[in-house]
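The values are calculated or read from the model by the stated rules, or taken from the named source; none is laboratory data. Computed from a predicted model, the values in this text were never measured in an experiment. Here the Cβ positions follow ideal geometry from the backbone for every residue, glycine too, while neighbour counts run over all protein chains shown.
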Amino acid sequence: MSWATRADLCALVGSDPAPGSLLLGPVPGEGFVPVPPAVREALRERSTATLAATGLAAGQRAVLSLNGDGDLAGPLLADALVPLGVSVAVVGPRGRMRLLAAIRALRPDVWITTPTGALDFLARLYLEFNVDPTELYLRHILLVGEIETPGTAQRLAGELEARVTSLYCDPIFGAVLAWGCDGEWRVGDPASLGLAPLERDEWLAVAPGASDAPLSELVLRPEWGGALAGVALRTGQVVRGSPGASLFRHTVGPHALVRGRWLSLPMLRRALGTIDGIAGFRVALSRGERTLDELRLRIAFERASLVENPMWARRIREAVAAITPIAFELETEAASEGGATEEIVDERGHHLGLDRAEVARTAGG
């Protein structure tokens, strides 16, 4: 078995997919992973079995307010629910009024969304729509795609009077591999997911979801076939002790998870590299008192004359919009002495760093 990170995906899968393949783009613009029909069916069966274990059953109706990339594989989740006999509507992650209208029209038993999306919708029910959450008659909420803020599940369960379950979808294929409730996690197929030290390519005996897991990384074992069969694929998702509400508590490497989407630092570097006069940049991530993740991009210019230049600000916004739909605040400054810098500062405490070995050393892993 060979070891790889997500940065190695394009080289591993090649550029000539088999006919009829579903092409998945974990980070659109970085390349696509081909999923032949037989592999797709194996992934769907695996996901369906995991979803069935959460208690979903025939006759239920579900609404998915998810998109199709990052850890928010809405259409793939819907495809896995259909064999259970669940009727599914995928309404997308944006537009809380549209979501409310969809829920009222469909009268679903099940709602699948992100943790922050659920909290944001709950707040708007009170403040904007003047709706009692219990009037929606949701019975089961499944959360996916983000690292949960502590207490999220308890609050949703109490105010919506619903059962809350967390899902783990792998960041490459979007397959549902594990589910958790009250901090207890179960991996559907232990052969598909394992743990490895951040700085060494070797398997740990501890299983994902165990309460005694050391600082380690979730590693995907796509033994179901396809171009990645026989590869131990590092996910960039980091486990530290008891998993809690999310199977992983942190991320590491050149991809940070923001609003359920993967933000690629290499892609950001290339996009900003086309604009002259930029000496460096700083990505700041926060959640704070607001419900949703916030992204701030601070640009350091080589020339002070560019700091307040609206044309350069517009060029930066367009360059970033070409690689991610995540809304962001733009800040500019003149570069200080000491050369160019590129960094991610995560005030949420989620992203540990770009270099796995360095993170392992500083965190005592």
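Any residue at all in region 195-210 that's out of contact with any Phe, Trp or Tyr (no Cβ under 8 Å at 6 or more places or on another chain), crowded, with 23+ Cβ neighbours inside 10 Å and small (Gly, Ala, Ser)? No.
Which residues, taken from region 128-138, are hydroxyl-bearing (Ser, Thr, Tyr) and part of a loop (DSSP other than H, G, I, E, B)? 137 - this is the single residue of region 128-138 that is hydroxyl-bearing (Ser, Thr, Tyr) and part of a loop (DSSP other than H, G, I, E, B). Residue 286 meets the conditions (1) farther than 30 Å from residue 143 by Cβ; (2) polar (S, T, N, Q); (3) in contact (Cβ under 8 Å) with a residue 60 or more places away in the chain in every case but one. The failed one is (1). Within region 140-156, if we keep just the residues that are over 20 Å from residue 74 (Cβ atoms) and touching a residue at least 12 places away in the same chain (Cβ under 8 Å), the residue that is nearest to the chain's Cα centre (by Cα) turns out to be 149.
Restricting to region 196-220, count the residues that are under 23 Å from residue 45 (Cα atoms) and either in contact with a strand residue (DSSP E or B) (Cβ under 6 Å, 6 or more places away or on another chain) or in the same structural domain as residue 358 (by TED's automatic domain parsing) (or both). Of the residues in that region, 5 qualify.
Any idea which of 318, 358, 347 is modelled with pLDDT of 90 or more, surrounded by fewer than 15 Cβ atoms within 10 Å (Cβ to Cβ), among the acidic types (Asp, Glu) and more than 27 Å from residue 215 (Cα to Cα)?
Values: 358 fails: more than 27 Å from residue 215 (Cα to Cα); 347 fails: more than 27 Å from residue 215 (Cα to Cα).
Checking each option against the conditions leaves just 318.
Among the residues of region 92-121, the ones that are basic (Lys, Arg), out of contact with any Phe, Trp or Tyr (no Cβ under 7 Å at 6 or more places or on another chain) and not in a loop (DSSP other than H, G, I, E, B) come to 2 in all. Quick check on residue 77: is it under 15 Å from residue 172 (Cα atoms), of a type outside the set (Gly, Ala, Ser), surrounded by 15 or more Cβ atoms within 10 Å (Cβ to Cβ) and touching a Cys at 6+ places or on another chain (Cβ under 8 Å)? Here the answer is yes, as residue 77 does meet what is asked.
No other residue among 260, 241, 273, 280 is within 20 Å of residue 152 (Cβ to Cβ) and in the same structural domain as residue 352 (by TED's automatic domain parsing) apart from 260. Every condition in (1) surrounded by 19 or more Cβ atoms within 10 Å (Cβ to Cβ); (2) at pLDDT below 95 is met by residue 303 except one, and the failing one is (1).
Within region 289-304, is there a residue that is part of a strand (DSSP E or B), of a type in the set (Gly, Ala, Ser) and not assigned by TED's automatic domain parsing to the domain that holds residue 41?
There is at least one residue in region 289-304 that is part of a strand (DSSP E or B), of a type in the set (Gly, Ala, Ser) and not assigned by TED's automatic domain parsing to the domain that holds residue 41.
Among the conditions (1) surrounded by fewer than 20 Cβ atoms within 10 Å (Cβ to Cβ); (2) at pLDDT 95 or above, the only one that residue 89 does not satisfy is (2). Listed by first and then second residue, the pairs linking a residue in region 219-233 that is farther than 19 Å from residue 356 by Cα to a residue that is among the charged types (D, E, K, R), with Cβ atoms under 7 Å apart and 6 or more places separating them unless they lie on different chains, are 229/223. With respect to the stated conditions, residue 162 fails to be at pLDDT 95 or above, surrounded by fewer than 17 Cβ atoms within 10 Å (Cβ to Cβ) and under 20 Å from residue 143 (Cα atoms).
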